[in-house]
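Beneath this line is the structure, given in structure tokens, with notes to follow.
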Amino acid sequence: MSMIEIKGLQKSFGDLHVLKGIDLTIELGQVVVIIGPSGSGKSTLLRCINFLEFPNEGEIRVNGELIDPKTSNLDKVRQHMGMVFQQFQLFPHKNVLHNITIAPVNVKGMPNKKAVAIARDLLQKVGLPEKEKAWPSQLSGGQKQRVAIARALAMDPDIMLFDEVTSALDPELVNEVLQVMQDLAAGGMTMVVVTHEMGFAKEMADQVVMMDDGLIVEQGTPEQLFENPQEERTQAFLSQVL
Amino acid sequence: MAFISFVQEYFWGFLLATRLTLLLTAVSLALAVVIGLVFAFLKISKNPIANLVAAGYIGITRGMPLIVQLMFLYFGISKLVVLSSFWAGTLALAFHAGGYVAEILRGAIQNIDKGQTEAARSLGMSRRKTMALIVLPQAFRRAVPPLGNQFIIGLKDSTLVAFLGVPELFSKSMTAAAANYRPFETYLMSGTYYLVLVIIFTWLVSKLEKRLSPDRQEATS
């Protein structure tokens, strides 16, 4: 059974038709990388998957269950999907450890002790065990983003959504975040990654999806897409970024 | 020399009246924060009737002189229920300050980055928990300086309840000045009391501001 199944997804913001009919299936354990020019709808698609944006048309199934934003319990749906944002969005009034424990404790009702143990374990995994008492404002961009990943993982999600998570970082900080993502992928996490990092797409993706103007132009394995793109728009885009 | 003995004569009496001023101010401002929070939420709400109610309340409290509101509420309310002048004054001050506090809190809440809400919701937090755990704590932190300002104004506004017969500091000074024919010294003295209160209060607010923002003191980046 597919983990996420999207059919005929459309989304508009007022007169702006951002997604014009997306069909996409994400299998368990897959890393799907979405590429494409700015404004092509990549982020909107990602935000529709966890219903931060409500689609205007189309269906989204999660683990086979059709989600209706009006009647489904979206809080429950989102608990199983971690999301990492371009601008980190750590909670500035909480220290690093508290940023990670706040959701397990307050959403899942996990005992604080257990949440702290999990948080410390995750900080170890993202390489920041010494930062648990630090405030977000004391961290570099790369460190913030790694904490944000740990925060999402603390809910033990089935799938992780990454929305251009390295775009706001200084170039020398990009790799530390990509490394954490690679470890996650290697560990079997299902991931949907919107990115401009073609190296990551080539190396880690099971499936690369090229979007332009609200539609999926082409999709396939990294080899197919990067070495033998069929569509003109893919070729044009790749020639600009590679 | 004469002034020193004048100060000695009124020092304790004024201090006692100051206690009432402080009590009046503290209770009315605590109520104003509760009222302000309720109306801030009504104004943010997507319900047009709630918006209208909030806009009406804020418009009235900000659009009429405080002394008029005081008199109106004092004489208006005492037609319905028997209230001591202390409570009538306190409630009227709270009603008035509540409108300003509502606007301060509304602004603070709406100024929190929408991404913060999205991050909390993406973790599975409900709307309510997101507000209580993520948005409000940050909004309060930002609202402290303007709220402190509003509280200073509230302290000074409390002088007006003298006209309802509450024997607070200003009322005491009016009585004293009428009796001793030395208004200059009398008001100089009570004015100094208010000034000292405001200085202490300003200091407390800046302390609170630092305490609520532990992250900003040690920030290195």
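The table below lists the values:
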item: Which listed residue is basic (K, R), within 17 Å of the chain's Cα centre (by Cα) and at pLDDT below 95, from B:R142, B:R182; result: B:R142
item: Filter result (in a strand (DSSP E or B) and closer than 27 Å to B:T130 by Cα) within region A:7-46; result: A:K11, A:S12, A:F13
item: Contacts under 6 angstrom Cβ, first residue in region A:41-62 being at negative phi and in contact (Cβ under 8 Å) with a residue 24 or more places away in the chain, partner part of a strand (DSSP E or B) and among the hydroxyl-bearing types (S, T, Y), 6 or more apart; result: A:N56/A:S12
item: Residue list for region A:120-164, restricted to those being away from chain B (no Cβ under 13 Å), in a helix (DSSP H, G or I) and not basic (K, R); result: A:D121, A:L122, A:L123, A:Q124, A:P129, A:E130
item: Close pairs (6 angstrom Cβ cut-off, 6 or more residues apart or separate chains): within 19 Å of A:N56 (Cα to Cα) in region A:21-34, open to solvent by less than 20 Å² (accessible area, probe 1.4 Å) and in a strand (DSSP E or B) anywhere; result: A:I22/A:I6; A:I22/A:L9; A:L24/A:I6
item: Residue in region B:179-219 that is farthest from B:A143 (Cα to Cα), counting only those that are in contact with a helix residue (DSSP H, G or I) (Cβ under 8 Å, 6 or more places away or on another chain) and outside any helix (DSSP H, G or I); result: B:R182
item: Among residues of region A:219-238, those that are outside any loop (DSSP other than H, G, I, E, B) and either farther than 17 Å from A:Q30 by Cβ or open to solvent by 20 Å² or more (accessible area, probe 1.4 Å) (or both), counted; result: 12
item: Cβ pairs under 9 Å, 6+ apart, first in region A:163-191 and within 21 Å of B:S122 (Cα to Cα), second of a type in the set (S, T, N, Q) and part of a helix (DSSP H, G or I); result: A:D163/A:S43; A:E164/A:S43; A:V165/A:Q145; A:T166/A:Q145; A:T166/A:N175; A:A168/A:Q145; A:V177/A:Q145; A:V180/A:Q145
item: Flag for A:D170 being within 14 Å of chain B (Cβ to nearest Cβ) and either open to solvent by 40 Å² or more (accessible area, probe 1.4 Å) or more than 29 Å from A:A103 (Cα to Cα) (or both); result: yes
item: Selected residue (criterion: nearest to the other protein chains (Cβ to nearest Cβ)) from residues of region A:47-96 that are of a type in the set (A, V, I, L, M), crowded, with 20+ Cβ neighbours inside 10 Å and not in a loop (DSSP other than H, G, I, E, B); result: A:M83
item: Selection within region A:190-215 - in a strand (DSSP E or B) and open to solvent by less than 40 Å² (accessible area, probe 1.4 Å); result: A:T190, A:M191, A:V192, A:V193, A:V194, A:Q207, A:V208, A:V209, A:M210, A:M211, A:D212
item: Test result for B:L20, open to solvent by 20 Å² or more (accessible area, probe 1.4 Å) and closer than 23 Å to B:V198 by Cβ; result: yes
item: Residue, farthest from B:L70 (Cα to Cα), within region B:123-151, restricted to residues that are open to solvent by 30 Å² or more (accessible area, probe 1.4 Å) and more than 14 Å from every other protein chain (Cβ to nearest Cβ); result: B:P145
item: Subset tally (residues that are assigned to a helix (DSSP H, G or I) and open to solvent by 50 Å² or more (accessible area, probe 1.4 Å)) for region B:104-116; result: 3
item: Subset of region B:73-92 that is aliphatic (A, V, I, L, M) and without any contact (Cβ under 8 Å) to a residue 60 or more places away in the chain - its residue that is nearest to B:T159 (Cα to Cα); result: B:L73
item: Test: residue in region B:168-180 that is under 12 Å from B:T18 (Cα atoms), polar (S, T, N, Q) and either surrounded by 15 or more Cβ atoms within 10 Å (Cβ to Cβ) or within 14 Å of chain A (Cβ to nearest Cβ) (or both); result: yes
item: Restricting region B:5-43 to residues that are under 16 Å from B:M189 (Cα atoms) and of a type in the set (V, I, T), the residue that is nearest to the chain's Cα centre (by Cα); result: B:T21
item: Count of residues meeting criterion [over 19 Å from B:V144 (Cβ atoms) and of a type outside the set (G, A, S)] in region B:83-109; result: 8
item: Any chance B:L91 is within 14 Å of chain A (Cβ to nearest Cβ) and either closer than 20 Å to B:M64 by Cβ or crowded, with 17+ Cβ neighbours inside 10 Å (or both); result: no
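The values are calculated or read from the model by the stated rules, or taken from the named source; none is laboratory data. Quick caveat, the model's predicted, so the values are computed rather than measured. Using ideal geometry, Cβ is built from the backbone for each residue, glycine included, and neighbour counts are taken over all protein chains shown. Note: accessible area is taken over every heavy atom of the protein model, side chains too, but ligands, DNA and RNA are not part of it. Shrake-Rupley method; radii C 1.70, N 1.55, O 1.52, S 1.80 Å.
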